[in-house]
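Trainee: Structure provided below as structure tokens; questions to follow.
The values are calculated or read from the model by the stated rules, or taken from the named source; none is laboratory data. It should be emphasised that the depicted structure is a prediction, and the values quoted were computed from it without experimental measurement. No Cβ is skipped: glycine too gets one built from the backbone with ideal geometry, and neighbour counts run over all protein chains shown. For accessibility, only protein heavy atoms count, side chains too; no ligands or nucleic acids. Shrake-Rupley method; radii C 1.70, N 1.55, O 1.52, S 1.80 Å.
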Amino acid sequence: MNDFYIIFTASLVAINCALMGSFLVMRKMVMIGDAISHAVLPGIFIAYYLSGSTASLPILIGAALSGILATLMIEWFTKKARLQSDAAIGISYTLLFAIGIILISKFGANADLDQQCVLYGEIEYVSLWLQPIIGSFSLPKQSITLLIVCIILIGAVVWGYKGLFITTFDPNFALSTGVAVTFWHYFLMSGVSLTTVVSFESVGAILVIAFLSGPPAIAYLLTEDFKKMLVVACAIGIFCSAAGYYIAKWLDVSVAGAISSVIGLVFIIVFVLTSVVKSKADVISA
Amino acid sequence: MINIWEHIATFFSVENYTLFVVALGSGILCFAAGVVGTFTYLRKRALIGDVISHSVLPGVAIAFMLTGVKSPVYFIIGAILSGLLSIWIVDYVQAKSKLKPDTILALTLSVFFGVGIVLLTKIQHSGNAAQSGLDSFLFGKAASMGIWDVQLFSIIAIINVICIALFLRGFSLISFDENYAKGLGFNISFLKAFLALLTVVTVAIGVQAVGVVLMAALLITPAAGARFLTNSIPKMLSFAGLFGFLSGIIGVVISYSGTGMPTGPWIVVVLSIFALTSILFGKKRGVFARMKLRKSNNVKINNENVLKDIYKLAEDGTKTISISDLVEKEKYPLNKVKGILNRLEKDDMIDQIRGLIILSDQGRIGAREVIRKHRLWEIYLSKYFQLDVDHVHDDAEGIEHVITPEIEKHLIKLLEHPETDPHQSKIPY
């Protein structure tokens, strides 16, 4: 059952990240996702500190807001201060992360948070906190939160697909036809923040970034059809979660690390295969 | 606050040896990173520092697995090799696929770090006694810096300064215009690889002090701050180095003034304060400087518009011009017009006598100048762009405030000293 709990939890993170990550990849905004995943630290700490627990709704909202704060900061730097965008991202998230670490070191004796946990996560221990569902069937508490977020995200993507799609692929056309580009931007960023915050505790910031960038990138190499890309990205994420978990178990190493490594491996295989196919096609057409 | 001052006093009296060593070491390291980071920043590759710092982890772990000892030399060699590999992968995938840089950066850093964690946990679970604290190496251990580290950082700082001094022109050229540099006969791929090597070495060594996440800040933040103070690369390098050095020292002093205060994050906070200050208050490019410039431009435009309208009203034969005439002509509200008129009176451009407005000689000259520029531009547009006469006014309305006396002279010459504009109004010389 432990195997199932861990793979189930990781797969939920994978699906959430694949949904958001596919849009980020097409919008060239993956590093903003990276920034958010680091920048939520002060928000999460303040939430821990004020309430003393993790699993409550106001805390999720608070932490997600600190993700939004990071995007606002990046936007202010690029638009108002005219700083180049890569530097704006770098400055914002390192500052927020540094503030988070300072807060944790200063006041966090009871907060059970440290830099390692932030980066690695603790997916190995999800089965320590089980929540009975029906009869003897129970699920890890974290996966319940992830499941709720997953349903919200699927709902949001289905409901807002048109707006998200048009602002992602043709922002100028969207702007000229009166689509609220800014609204969809923050709509997506809220989703990314929410995903990062709920995923971070179980898998750590690094695996969140791997899930946000890897499966969508692999899917994009395989298909140009965006709807297919979303589905393929989710499937790849789930596959990497399961494969990574069993490899980690076999080698007795970190699960989050192993899943990231498998994502890298799958990427390399798909990258090599697609370039071979492409170069063959080039030869034939030449 | 008193606590901090005491610490500064102790710091300079060299009584507290540890504090002295850590502060000096951090200062030198941040200096070295700030200098080399200037080019990373200028080449718009600020986030590559983030990738390198995450990517050194597998190298360090493999170095430990192969040698079985916690030797900084092996660690640094391993770190440099895996850092270089990560840069090469980023460049290769970017050249060979349709994926965008941001995706490749995020994927590379997370996969390298993931592999690193796998290796690290493998080492930990293998029960090797020497492994304890291997990961603290990667999360920063500035507080346990020794004199050996200070020497190492100094060597790196000196190497960076010498190399940048030697290749200043080449590095500057590849930061702005690679093709131009190629045309001048510079060896682009060598320069790029060399710059990458300097960056990787600096990051590989700096990671031990501030940790993987914050290392990126040591490269980018000083350069970003310096960029708002100057347009010259040598000056920017000096500012970035200085910001780094001061932040390193101040950050350490602050972190030593309280218990359980981490060093790396405080350095980053101080660096960010430096950068934010220059982003806000930078003399030319700073946020406030640009706001001020915009405001003074607006004042100029408003003044000129009102002046012009007074002149036009007089030209059309209005004998007595009052504020309400202007409010009607301008789209400005009454209070705004009043403010502008008071400003104009202060500048001796107009006189206001019992609600009536009279242009002074100086004001007449100013008004004619604006109108002249406006009408010259209308002729220029209709003559050289064959624009319809009905369409030239709006464009001229904006440009009349921008044309300099030199451009005006050129226009007059080019248009052969015209007498009337396309609407048959006389041009006032």
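Trainee: Any idea which residue in segment B:357-368 is surrounded by the most Cβ atoms within 10 Å (Cβ to Cβ), counting only those that are assigned to a helix (DSSP H, G or I) and in contact with a helix residue (DSSP H, G or I) (Cβ under 8 Å, 6 or more places away or on another chain)?
Mentor: Within segment B:357-368, the match that is surrounded by the most Cβ atoms within 10 Å (Cβ to Cβ) is B:367.
Residues checked against (1) out of contact with any Leu (no Cβ under 7 Å at 6 or more places or on another chain); (2) in a helix (DSSP H, G or I); (3) of a type in the set (S, T, N, Q):
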residue: A:146; (1), (2), (3): no, yes, no
residue: A:151; (1), (2), (3): yes, yes, no
residue: A:182; (1), (2), (3): yes, yes, yes
residue: A:208; (1), (2), (3): yes, yes, no
residue: A:219; (1), (2), (3): yes, yes, no
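Trainee: Before we move on, is residue B:211 buried (at least 22 other Cβ atoms within 10 Å of the Cβ) and either at pLDDT below 85 or within 14 Å of chain A (Cβ to nearest Cβ) (or both)?
Mentor: yes
Trainee: Right, something else. Looking only at residues in segment B:250-266 that are open to solvent by 30 Å² or more (accessible area, probe 1.4 Å) and part of a helix (DSSP H, G or I), which one is modelled with the lowest pLDDT?
Mentor: B:256
Trainee: Same structure, new question: Could you tell me whether residue B:85 is assigned by TED's automatic domain parsing to the domain that holds residue B:219 and either open to solvent by 60 Å² or more (accessible area, probe 1.4 Å) or touching a Pro at 6+ places or on another chain (Cβ under 8 Å) (or both)?
Mentor: It is true that residue B:85 is assigned by TED's automatic domain parsing to the domain that holds residue B:219 and either open to solvent by 60 Å² or more (accessible area, probe 1.4 Å) or touching a Pro at 6+ places or on another chain (Cβ under 8 Å) (or both).
Trainee: Give the residues of segment B:100-118 that are modelled with pLDDT under 90 and open to solvent by 10 Å² or more (accessible area, probe 1.4 Å), sorted by residue number.
Mentor: Residues satisfying the conditions are B:100, B:101, B:102, B:118.
Trainee: Here's a follow-up. For segment A:134-168, give me the residue count where each residue is more than 16 Å from the chain's Cα centre (by Cα) and closer than 24 Å to residue A:14 by Cβ.
Mentor: 14
Trainee: Could we say that residue A:258 is without any contact (Cβ under 8 Å) to a residue 40 or more places away in the chain, open to solvent by less than 40 Å² (accessible area, probe 1.4 Å), within 11 Å of chain B (Cβ to nearest Cβ) and in a helix (DSSP H, G or I) here?
Mentor: For residue A:258, the condition - without any contact (Cβ under 8 Å) to a residue 40 or more places away in the chain, open to solvent by less than 40 Å² (accessible area, probe 1.4 Å), within 11 Å of chain B (Cβ to nearest Cβ) and in a helix (DSSP H, G or I) - is met.
Trainee: Another question, then. Please go through (1) outside any helix (DSSP H, G or I); (2) open to solvent by 20 Å² or more (accessible area, probe 1.4 Å) for residue B:74 and return the number of the only condition it doesn't satisfy.
Mentor: Against the list (1) outside any helix (DSSP H, G or I); (2) open to solvent by 20 Å² or more (accessible area, probe 1.4 Å), residue B:74 comes up short only on (1).
Trainee: Could you list, in sequence order, the residues of segment B:315-329 that are over 49 Å from the mean Cα position of the chain (by Cα) and open to solvent by 20 Å² or more (accessible area, probe 1.4 Å)?
Mentor: Within segment B:315-329, B:315, B:316, B:317, B:318, B:319, B:320 qualify.
Trainee: Which residues, taken from segment B:348-383, are of a type in the set (Ser, Thr, Tyr) and within 23 Å of residue B:323 (Cβ to Cβ)?
Mentor: B:360 - this is the single residue of segment B:348-383 that is of a type in the set (Ser, Thr, Tyr) and within 23 Å of residue B:323 (Cβ to Cβ).
Trainee: While we're here: Among the numbered criteria (1) in contact (Cβ under 8 Å) with a residue 40 or more places away in the chain; (2) open to solvent by 70 Å² or more (accessible area, probe 1.4 Å), which one does residue B:376 miss?
Mentor: Tallying (1) in contact (Cβ under 8 Å) with a residue 40 or more places away in the chain; (2) open to solvent by 70 Å² or more (accessible area, probe 1.4 Å), residue B:376 fails exactly one: (2).
Trainee: While we're looking at this one, here's another question. Is at least one residue of segment B:92-99 more than 14 Å from every other protein chain (Cβ to nearest Cβ) and closer than 23 Å to residue A:205 by Cβ?
Mentor: Checked segment B:92-99: no residue is more than 14 Å from every other protein chain (Cβ to nearest Cβ) and closer than 23 Å to residue A:205 by Cβ.
Trainee: Follow-up question, since we're still on this one. Hey, residue B:164 hits all of (1) open to solvent by 70 Å² or more (accessible area, probe 1.4 Å); (2) within 23 Å of the chain's Cα centre (by Cα) but one; which does it fall short on?
Mentor: Failing condition for residue B:164: (1).
Trainee: Now a separate question. For segment B:271-300, give me each residue that is of a type in the set (A, V, I, L, M), open to solvent by less than 30 Å² (accessible area, probe 1.4 Å) and touching a residue at least 24 places away in the same chain (Cβ under 8 Å).
Mentor: B:271, B:275, B:279
Trainee: A further question on this structure: Looking at segment B:198-249 only, could you name the residues that are part of a loop (DSSP other than H, G, I, E, B) and farther than 27 Å from residue B:84 by Cα?
Mentor: Across segment B:198-249, the qualifying residues are B:228, B:229, B:230, B:231, B:232.
Trainee: Hey, can you tell me all the residues within segment A:155-205 that are acidic (Asp, Glu) and over 30 Å from residue A:126 (Cα atoms)?
Mentor: Listed by number, the list holds a single entry, A:170.
Trainee: I've got another one for you. Examine segment B:273-291 for a residue that is at pLDDT 80 or above and over 30 Å from residue B:219 (Cβ atoms), and state whether such a residue exists.
Mentor: no
Trainee: What's the total number of residues in segment B:369-409 that are modelled with pLDDT of 80 or more, outside any helix (DSSP H, G or I) and more than 16 Å from residue B:305 (Cα to Cα)?
Mentor: 2
Trainee: Could you check segment A:221-236 and list, in sequence order, the residues that are within 13 Å of chain B (Cβ to nearest Cβ) and either surrounded by 22 or more Cβ atoms within 10 Å (Cβ to Cβ) or of a type in the set (S, T, N, Q) (or both)?
Mentor: A:223, A:229, A:233, A:236
Trainee: Something else now. I'd like to verify a number: residues in segment A:170-184 that are aromatic (Phe, Trp, Tyr) and more than 22 Å from residue A:71 (Cβ to Cβ), how many?
Mentor: So the count comes out to 1.
Trainee: Assuming residue B:148 fulfils every condition listed in (1) more than 21 Å from residue B:220 (Cα to Cα); (2) in contact with a helix residue (DSSP H, G or I) (Cβ under 7 Å, 6 or more places away or on another chain); (3) at pLDDT below 90 apart from one, which condition is it?
Mentor: Result: residue B:148 fails condition (2) only.
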